[in-house]
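Below is one structure, written out as structure tokens; the observations come after it.
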Amino acid sequence: MANQAVGFVEAEGFVPVFDAVDAMVKATDVTIEGVMRLGGGLVAVALSGDLATMEEAVEIGAETARAISGGTVKSIIFANPSHPVAAIAHNPRVVDGS
């Protein structure tokens with residue numbers, strides 16, 4: 001599992017995030033782990049997969065969300081994530097602010 005990675009794409013509102021999810025799963029072979037509300041209208045999606053695919057998926061997702069929202073979109077990829085980061089990615093409800 002040395003090439004396993006997790007990633008997050010964050011935007012304001014559900015619509016940009018859902019559009020990002022749609023684009024990412026249609027273009028790549030990533031696993032969507034879940035969507036979480038972070039508070040203040042921010043929503044993030046957690047995903048996992050191999051590192052190369054994750055890099056492509058997060059780039060596609062961030063560009064798609066940015067085009068829809070017109071606002072700030074943040075993303076991050078963790079190659080070989082620590083256990084706490086992997087736990088959050090695989091169970092996004094841990095930090096769900098709803």
Show the residue pairs that are 6+ apart or on different chains and have beta-carbon atoms under 8 Å apart, the first residue being within the range 10-35 and closer than 17 Å to GLY70 by Cα, the second being surrounded by fewer than 16 Cβ atoms within 10 Å (Cβ to Cβ) and of a type in the set (Ser, Thr, Tyr).
-> ALA11/THR72; GLU12/THR72
In this structure, does PHE78 turn out to be aromatic (Phe, Trp, Tyr) and touching a helix residue (DSSP H, G or I) at 6+ places or on another chain (Cβ under 9 Å)?
-> yes
Report the residue count in the range 11-41 for those that are over 14 Å from GLU63 (Cβ atoms) and not basic (Lys, Arg).
-> 18
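Out of all the residues in the range 63-80, which are touching a residue at least 60 places away in the same chain (Cβ under 8 Å) and among the small types (Gly, Ala, Ser)?
Here is the first cut: in the range 63-80, the ones touching a residue at least 60 places away in the same chain (Cβ under 8 Å) are 71-80.
GLY71, SER75, ALA79, listed by residue number.
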Every listed condition ((1) within 10 Å of VAL17 (Cα to Cα); (2) free of Cβ contacts under 8 Å to residues at least 24 places away in the same chain; (3) among the charged types (D, E, K, R)) holds for GLU59 save (1)
With the range 1-94 as the region, which helices (runs of 4 or more DSSP H) entirely inside it contain at least 1 residues that are crowded, with 17+ Cβ neighbours inside 10 Å and of a type in the set (S, T, N, Q)?
-> 51-69
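Bear in mind that the values in this text are calculations on the coordinates, not laboratory data. Keep in mind that this is a model prediction, so the values were computed, not measured. Glycine also receives a Cβ, built like all others from the backbone with ideal geometry; neighbour counts cover every protein chain displayed.
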